[in-house]
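These notes are about the structure you will find just below.
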Amino acid sequence: MPSAGMSAADHAANKAAVDRASKSGYLSDVQVYEPHRVGLPPLVPYFRELWHRRPFAAELSRAEMRSANTRTFFGQIWLVLNPLLLAAVYFVLLFILAPRDEPGPFFAHLTAGIFAFYFISGALTTGARSVVGGGALIGNMAFPRLLMPMSAVRTAFFRFLPPLVVYFVIHAAMGLPWSWTMVLAVYFMGCMVVFAAGMAAMFATLQVYFRDTTSFLPYFLRIWLYLSPVLWFIEEVPARLAPFLKFNPLYSILGGFTDLLVRGDVPPPGIWVMAAGWAVAAVVVGFLYFMSREREFAVRL
Amino acid sequence: MSSLFASESRAPDAVAAPLPVDDVAVRVQNVSVTYRTTFERTPTFKTAVVRLGRGERAVREVQALKNVSFEVPVGTSLGIVGANGAGKSTLIRTLGGILPPTSGRIEVHGRISALLALGVGFNPNLSGTENVVLGGLANGLTRRQVDERAHDIAEFAELGDFMDLPIRTYSSGMRSRLAFAVSVHMDPDILMIDEALSAGDAKFKKKAAEKMHELMTTARAMFLVSHALASVKEMCNAAIWLHKGELMLQGSPEEVVAGYTKFLEVGEDAFSLEDL
Ligand SMILES: Nc1ncnc2c1ncn2[C@@H]1O[C@H](COP(=O)(O)OP(=O)(O)O)[C@@H](O)[C@H]1O
Ligand SMILES: [Mg+2]
């Protein structure tokens, strides 16, 4: 056995090989596979490779949308109809419970909030299934596994675009004012995407270890919806509850988004900082958790 | 018994010394792989809670490879033989960087294209063409390279209109043809084929063998897992035999196949050679 009495020359050669490998990452000429402690792959080569192979995530998302008929006319109608009906149901319910003087803005707020929440819950749900559902690919090919949940986030985002267009129609129909501050909602949309990416990675990992994660998700998401500023305006929160609701990441992310989009109100600086903070926290925690586990996925599927 | 693969330029007394880095395609050092599986088919919160209540251990360990070491010089076509469950597929996946070794170390010099049993890298709901594109992109090709090759791949696999139908409508022979076509068109430095040829028909096997001979002139190394001992002898210039995760024998294909056949004849699990 060569390793039993490894010569000095052998050690030197090995070291050179490892150095070369760690410098150049996956596509390198030399790859070295060693057992990992619970730990992360080298981050720079990992993300370089993730970036290099992003067309894979895009193509996977495109192919899945094709096979689900998302890109046909009726497929797009369905994407809009589904959250729109839900918004209508909540509108009727909330209007019976507490009639409002001005139903127009509230309905617009409700649809904007539900559309955005649908994006996040969609990213989370498809993201959770992405790794386990992609079992054959994971078991037989070596690539940065984060591409799978990222592809799910892309799918969810593209499913969010038709509803977003419909929102503007509703905005106009309700006679709400247009202002340049609406453009700032893009900032919160960015936060939404980053937050959703982190959560998708997190739930994708959980799903590998606990296959019933996706069965609990609908209940979890339903409660989350009620705790988020979708069915109510941010300023309507009872003073007693307000300090606690701030711990809901969607309080700032969705609240900022709908305030800007629906009413053109610029949120206080605290909301901007909080939204970015939650998004970054979600993506750092979610990605690191995923990456520390991803080399085990192949044996767990 | 480290590096005794047929490499004519090497004197017998040089056998024990490790090869210089540039001559090695793959170096496997004391590699063990242990699968940790849960008892239940699908791990869930529910079963985890129930097990916790009973104080049971969550996982069972399967040692698929035990302290395997060998070196493969550039230019080798290595046959891997062994019974079902010997760890052949595990070895291929570990070399391909899909499974991390539990202990030991693997060095691979070159880009690998692994073809695993019956093209299981495919998503059954997507069409043949879509799977080809996805496979290429996941392997790190650019979109342009993939598009250029998609046509050759379809042609080589001889699937015709089936390329636009979902993979779930394919027979296993058609899947393995497509998988083989994909693997050999990735310009691999190192090609690995795991039992993938067994499902093709005789005509395709012949075509595949020709393609593999052609690739051997450009590729750095090739790994062939097969139960067809005759084709191992014909296509490989070195072989190893795995049994229950252990490396039993390595050497020329004739030696290894002879040893393996003898073992089968006298061994405890005596099954008919016709099954191979
Ligand atoms: N995903 C897995 N989880 C747990 N055990 C596995 C898994 N894959 C293979 N094994 C076990 O590892 C051993 C080697 O399997 P494998 O490498 O597939 O053998 P071969 O390809 O030679 O038939 C077998 O005992 C098998 O049961
Ligand atoms: Mg096998």
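For chain A, what ratio Rg/Rh do Cα atoms give with a Kirkwood hydrodynamic radius?
Values: Rg = 22.9 Å, Rh = 21.4 Å.
Taking Rh as the inverse mean 1/r over Cα pairs, Rg/Rh reads 1.07.
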**Report entry** Highest-MSF residue in chain A out of A:ASP212, A:ASP265, A:ASP101 [GNM, Cα springs under 10 Å]
**Finding:** A:ASP101
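At 222 nm, what value in deg cm²/dmol follows for chain A if DSSP H runs of at least 4 each add -39500 (n - 2.57) and the sum is divided by all its residues, to the nearest 500?
The per-residue figure over chain A is -23500 deg cm²/dmol.
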**Report entry** Whole-Hz couplings from phi, Karplus 6.51/-1.76/1.60, listed for region A:195-203; x for Gly and Pro
**Finding:** 4, 5, 4, x, 5, 4, 5, 4, 6
Report summary line: With Cα springs under 10 Å, the Gaussian network model of chain A assigns the largest mean-square fluctuation among A:SER61, A:SER215, A:SER121 to A:SER215
Query raised in the report: So which trypsin sites (Lys or Arg not before Pro) in region A:40-133 are both in a DSSP loop and have at most 16 other Cβ atoms within 10 Å of their Cβ?
Result: A:ARG71, A:ARG100
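If I take R0 = 35 Å and measure r between the Cβ atoms of B:ASP23 and B:LEU165 in this structure, what FRET efficiency does the formula 1/(1 + (r/R0)^6) give, to the nearest 0.05?
On the way: r = 46 Å, r/R0 = 1.30.
E between B:ASP23 and B:LEU165, to the nearest 0.05, is 0.15.
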Query raised in the report: Using alpha-carbon positions, what is the distance between the centroids of region A:95-126 and region B:164-199, in Å?
Result: 48 Å
Report summary line: Expressed to one decimal in nm², the mean projection of the alpha carbon convex hull of region A:252-301 is 4.5 nm²
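According to the square roots a ≥ b ≥ c of the eigenvalues of the Cα gyration tensor, what is the shape class of region B:132-270, taking rounded for a/c under 1.5, prolate for a/b larger than b/c otherwise, and oblate for the remainder? Each step should come with its number before you reach the end.
Working: a/c = 2.39, a/b = 1.84, b/c = 1.29.
Since a/c reaches 1.5 and a/b is larger than b/c, the shape of region B:132-270 is classed as prolate.
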**Report entry** Nearest-0.05 FRET efficiency for A:SER292 and B:LEU52, computed from C-beta distance (R0 30 Å)
**Finding:** 0.85
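With +1 assigned to the C-beta of every Lys and Arg and -1 to the C-beta of every Asp and Glu, and no other charges, what is the dipole magnitude of region A:37-300 about the Cα centre in debye, to the nearest 20?
On the way: 20 positive and 12 negative charges, 190 e Å.
It works out to roughly 920 debye.
Give the calculated FRET efficiency between A:HIS52 and B:THR42 to the nearest 0.05, with a Förster radius of 35 Å applied to their Cβ-Cβ distance.
Plugging the Cβ-Cβ distance into 1/(1 + (r/R0)^6) gives 0.55.
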Report task. Sequence neighbours fewer than 8 away in the same chain don't count; with that in mind, list the lysines whose C-alpha is under 18 Å from B:LYS66. Result -> B:LYS88, B:LYS244
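For region A:50-117, what ratio Rg/Rh do Cα atoms give with a Kirkwood hydrodynamic radius?
Values: Rg = 17.6 Å, Rh = 14.5 Å.
Rounded to two decimals, Rg over Rh is 1.21.
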Requested in this report: Obtain the nm distance between the two label points defined at A:ASN69 and B:GLU148 by a simple spin-label model: each point lies 7 Å from its Cα along the Cα-to-C-beta direction.
Outcome: 3.9 nm
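By how many nm would the segment from A:GLU235 to A:LEU43 lengthen if fully extended, with 0.36 nm per residue of separation less the alpha-carbon distance? All intermediate terms of the calculation are to be shown ahead of the outcome.
Working: separation 192, 0.36 × 192 = 69.12 nm, distance 4.22 nm.
Gain in length upon complete extension: 64.9 nm.
How high is the relative contact order of chain A, given as a whole-number percent (alpha carbon pairs under 8 Å, six or more residues apart)?
Values: 346 pairs, mean separation 68.8, N = 301.
23 percent.
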Query raised in the report: Between region A:218-279 and region B:228-260, what is the C-alpha centre distance in whole Å?
Result: 65 Å
Query raised in the report: Reachable lysines from A:LYS246, Cα under 27 Å, same-chain residues fewer than 8 places away excluded?
Result: none
Query raised in the report: Roughly how big is region A:58-112's charge dipole about its Cα centre, with Cβ charges of +1 (Lys, Arg) and -1 (Asp, Glu), in debye to the nearest 20?
Result: 200 debye
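The numbers here are math on the coordinates, done by the rules we state, and not lab data. Being a predicted model, the structure only gives us computed values, none of them experimental. Reconstructed Cβ throughout: ideal geometry from the backbone, glycine too, with neighbour counts over all protein chains shown.
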